[in-house]
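**Q** Structure provided below as structure tokens; questions to follow.
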Amino acid sequence: MATAAPDPGAAQPDAVPVSPSPGANLMAVTFRIRRFDPEAAAEAFWQDFRVEIDPKERVLDALHSIKGEQDGSLTFRRSCAHGICGSDAMRINGRNRLACKALVKDLSPQRPVVVEPLKGLTVLKDLVVDMEPFFQAYRDMLPFLVTSGNEPTRERLQSPAQRARFDDTTKCILCAACTSSCPVFWNDGQYFGPAAIVGAHRFIFDSRDEAGERRLEILNDNHGVWRCRTIFNCTDACPRGIQVTKAIQEVKQALVTRRL
Amino acid sequence: MPTDVTSGAGRAPAEPGPGRGRGPGPGHPAPLVEPPRQRTTRTPRSTRGNFEMYGWLFMRVSGVVLVLLVLGHLLIQLMLDGGVSRIGFAFVAGRWASPWWQVWDLLMLWLAMLHGSNGLRTVINDYAEHTATRLWLKALLYTATAFTVLLGTLVIFTFDPDIT
């Protein structure tokens, strides 16, 4: 990622012509970060960092600033830094968000901004969690087009209405914000989780796909869609605005109507 | 089928942890959250089948029916025709002389007990962490449910208004 300024606080005001003087719109914000290093200590702990930052900057900029200037050992994932790769989902002020989409000014920066790793997944170091179980559940859903017969000689055609049927669930970036915000998942990690069901929804309702029945069968499991309690945490957490709970309910509906 | 969808995809077998969210394990310094969907020998077999679906449907249907039954019950017991003041042994005896009210009360008993039990079953499944705890809680729940349902059914059908 080439655009990350290591020192956003000091570098940005020059680029903002409305500010009367450099640094005038900077604000001292405390970031309370959940630190954990298995090589140094067995226990996780909270550490406060004070950062001079433009409140219009994002939490990711603050993390970069901390890592670059205060503590190089701070560990977190990020890749595109523009809300598409889904690498930097974390728990910010108690809610799962992408650090690259959470603006500091929206997080009551007068008080410490609390940054934690995603809940329900094993913490590897600081803000980095083991995503493998999450991806395992996703893989279980057969997240690819399954067809039978010969390959067609032209595109597999689809009407705009057929495409619109599953449009919402194509937006998923696999950041795990939804699954790791689900209380059922926290208590029983065998639950497939919202993201996997969203991935299944994307193909179950795709007119070109032929394995919808198989995916429904997988989700009919006692760790499948029936575990969903319509808590709506996933819908609230989704940085892409996917109506996750609605997608899960549609899968339930498809199961009921096709089985009865 | 391009991928093997059931394997753990080359993950190292994790050491047996003390359980999700409970302190550091002996071999692992991390505050261990046991990885979900990790396929070990202790992982319960998936139970595909339509039981959970029927359970889910039953909750919706019984809920709707119970609203009507319970509101009707409350209306008769508490408000209409003197309301709560006329309830007594004779009142109950009089109602249960009619098969209509017998069936009404029987339905209410069965639906409410099964609805509540299934709700508690899901709560236990969601929140009991140990397999043994889950087993015992559910055994207790099913026993209590069976006892209440059978006793209630017995009373409704063998009720004797001439009892002394």
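The values are calculated or read from the model by the stated rules, or taken from the named source; none is laboratory data. Bear in mind that the values here come from a model prediction, so they are computed numbers and not experimental data. Here the Cβ is made from the backbone with ideal geometry for all residues, glycine too, and neighbour counts use every protein chain on show. Only protein heavy atoms, including side chains, enter the accessible area calculation; ligands, DNA and RNA are left aside. Shrake-Rupley method; radii C 1.70, N 1.55, O 1.52, S 1.80 Å.
**Q** Is it true that residue A:171 is away from chain B (no Cβ under 12 Å) and either under 30 Å from residue A:46 (Cβ atoms) or open to solvent by 50 Å² or more (accessible area, probe 1.4 Å) (or both)?
**A** yes
**Q** Identify, please: which residue in segment A:39-71 is within 14 Å of chain B (Cβ to nearest Cβ) and in contact with a Lys or Arg (Cβ under 7 Å, 6 or more places away or on another chain) and is, among those, surrounded by the most Cβ atoms within 10 Å (Cβ to Cβ)?
**A** A:44
**Q** I need every pair where a residue in segment A:153-177 that is touching a residue at least 40 places away in the same chain (Cβ under 8 Å) and within 14 Å of residue A:234 (Cα to Cα) has its Cβ under 6 Å from the Cβ of a residue that is open to solvent by 50 Å² or more (accessible area, probe 1.4 Å) and assigned to a helix (DSSP H, G or I), sequence separation at least 6 or different chains.
**A** Listed by first residue and then by second, the contacts come to A:169/A:202.
**Q** Also, I was wondering about something else. All but one of (1) at pLDDT below 95; (2) within 14 Å of chain B (Cβ to nearest Cβ); (3) in contact with a strand residue (DSSP E or B) (Cβ under 9 Å, 6 or more places away or on another chain) hold for residue A:86; which doesn't?
**A** With (1) at pLDDT below 95; (2) within 14 Å of chain B (Cβ to nearest Cβ); (3) in contact with a strand residue (DSSP E or B) (Cβ under 9 Å, 6 or more places away or on another chain) applied to residue A:86, the lone miss is (2).
**Q** Another question, then. Return yes when residue A:208 is surrounded by fewer than 19 Cβ atoms within 10 Å (Cβ to Cβ), of a type outside the set (A, V, I, L, M, F, W, C) and under 15 Å from residue A:144 (Cα atoms) and no when it is not.
**A** Here the answer is yes, as residue A:208 does meet what is asked.
**Q** While we're on this one: Among (1) within 19 Å of residue B:126 (Cα to Cα); (2) at pLDDT 95 or above, where does residue A:230 come up short?
**A** Answer for residue A:230: the failing condition is (2).
**Q** Within segment A:40-49, does at least one residue satisfy the condition of being in contact with a helix residue (DSSP H, G or I) (Cβ under 7 Å, 6 or more places away or on another chain) and on the phi < 0 side of the Ramachandran plot?
**A** The answer is yes; a qualifying residue exists.
**Q** State whether the residues of segment B:106-127 include one that is surrounded by 11 or more Cβ atoms within 10 Å (Cβ to Cβ), over 13 Å from the mean Cα position of the chain (by Cα), under 23 Å from residue A:255 (Cα atoms) and β-branched (Val, Ile, Thr).
**A** no
**Q** Taking the options B:94, B:55, name whichever one is facing chain A (nearest Cβ under 8 Å), modelled with pLDDT of 75 or more and closer than 30 Å to residue B:157 by Cα.
**A** None of the other options fit; the residue is B:55.
**Q** Would a scan of segment A:209-226 turn up a residue that is among the small types (Gly, Ala, Ser) and more than 11 Å from chain B (Cβ to nearest Cβ)?
**A** yes
**Q** Filter segment A:92-107 for residues that are free of Cβ contacts under 8 Å to residues at least 40 places away in the same chain and closer than 17 Å to residue A:64 by Cα and give the result.
**A** A:92
**Q** Would you pick out the residues in segment A:227-260 that are of a type in the set (D, E, K, R), away from chain B (no Cβ under 11 Å) and within 19 Å of residue A:187 (Cβ to Cβ)?
**A** A:236
**Q** For the structure I just gave you, tell me whether residue A:130 is among the acidic types (Asp, Glu), open to solvent by 10 Å² or more (accessible area, probe 1.4 Å) and within 14 Å of chain B (Cβ to nearest Cβ).
**A** yes
**Q** Then there is this: Mind listing whichever residues of segment A:139-149 are modelled with pLDDT of 90 or more and farther than 30 Å from residue A:190 by Cα?
**A** Correct list: A:148 only.
**Q** Go through (1) assigned to a loop (DSSP other than H, G, I, E, B); (2) over 20 Å from residue A:173 (Cβ atoms) one by one and return the number of the condition residue A:31 breaks.
**A** (1)
**Q** Evaluate the following for residue A:230: is it hydroxyl-bearing (Ser, Thr, Tyr), in contact with a Ser or Thr (Cβ under 9 Å, 6 or more places away or on another chain), under 25 Å from residue A:94 (Cα atoms) and assigned to a helix (DSSP H, G or I)?
**A** no
**Q** If residue A:84 satisfies all but one of (1) open to solvent by less than 10 Å² (accessible area, probe 1.4 Å); (2) of a type in the set (A, V, I, L, M, F, W, C); (3) under 19 Å from the mean Cα position of the chain (by Cα), what's the number of the condition it fails?
**A** All conditions are met except number (1).
**Q** Out of the residues in segment A:140-168 meeting the condition of being outside any loop (DSSP other than H, G, I, E, B) and away from chain B (no Cβ under 14 Å), tell me which one is nearest to residue A:247 (Cα to Cα).
**A** This residue is A:168.
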